[in-house]
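Since every read-out is calculated from the coordinates, none of them should be taken as a lab result. Values in this document were obtained by computation on a predicted structure and should not be read as measured data. Neighbour counts run over all protein chains shown; Cβ positions are idealised from the backbone, glycine included.
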Amino acid sequence: MAGRLVTVVGASGAGKDTLMGAARAALAGDARFVFARRVITRPAETNLHPGIEEHIPMTEAEFAAARESGAFALHWPAHGLHYGIPRGIEADLAAGRVVVANLSRAVLAEAAARYPLRVLLVTAPREVLAARLAARGRESVAEIALRLSREAPLPEGLDVVEVANDSTAEEGAARLLAALRG
């Protein structure tokens with residue numbers, strides 16, 4: 001495969017979806033870049049809520065059938081949901097494109113074993129993460145503290161580029177774009 005899978009990871013509240021949305025808009029006319037849309041066992045109507053990524057919704061049964069049929073390049077469970085990246089990314093990689101995807105740290109080693117991989121690690125100070133999560137209004141203070149305590153380390157040996165998102169969304173997006181183009 002001549003392309004590269006670039007995954008965007010980071011703690012909850014780091015701004016991954018915001019930065020990826022800005023990058024997607026900035027690169028809309030550039031055929032070298034493809035943004036993978038995740039399949040999630042989350043209802044379709046959540047696509048209309050701010051702060052929830054636009055995704056391809058599936059029921060648990062639909063997801064299980066898709067997984068069994070080999071429809072996903074990568075898949076994983078997290079937070080009571082199932083996530084998948086459609087196998088179609090492999091055609092984009094074979095065509096030499098950069099495929100950008102929001103992956104779980106749990107599948108990074110598998111992704112690196114199967115595809116040329118670069119990891120963009122979006123970071124922000126803990127107090128910024130906590131404030132962003134509180135602003136969402138979806139979790140209690142205790143749930144936010146638990147979420148922030150769960151950050152898992154990245155597997156060893158990966159190509160990792162840190163992207164600081166500690167100020168404005170515009171500055172964070174500019175840093176992510178620079179990392180994608182670099």
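So here's what we get for this one:
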| quantity | calculated |
| --- | --- |
| Residue-span extension gain [residue 110 to residue 59] - 0.36 nm each, minus C-alpha spacing | 15.9 nm |
| Quarter of Cα convex hull surface for the chain, i.e. mean projection, nm² | 10.4 nm² |
| Size of electric dipole in the stretch 4-181: Cβ of Lys, Arg +1 and of Asp, Glu -1, about Cα centre, debye, nearest 20 | 200 debye |
| Rel. contact order, % - alpha carbon contacts under 8 angstrom, at least six apart, the stretch 4-181 | 32 percent |
| Alpha-carbon centroid distance for the pair the stretch 51-86 / the stretch 131-158, whole angstrom | 22 Å |
| Cβ crowding within 10 Å averaged over residues, with 116-123, 89-96 ranked highest first | 116-123, 89-96 |
| Burial order of peptide ranges 6-17, 61-72 (average beta-carbon count within 10 Å, highest first) | 6-17, 61-72 |
| In nm, spacing of pseudo-spin labels at residue 123 and residue 142 (7 Å Cα→C-beta vector) | 3.2 nm |
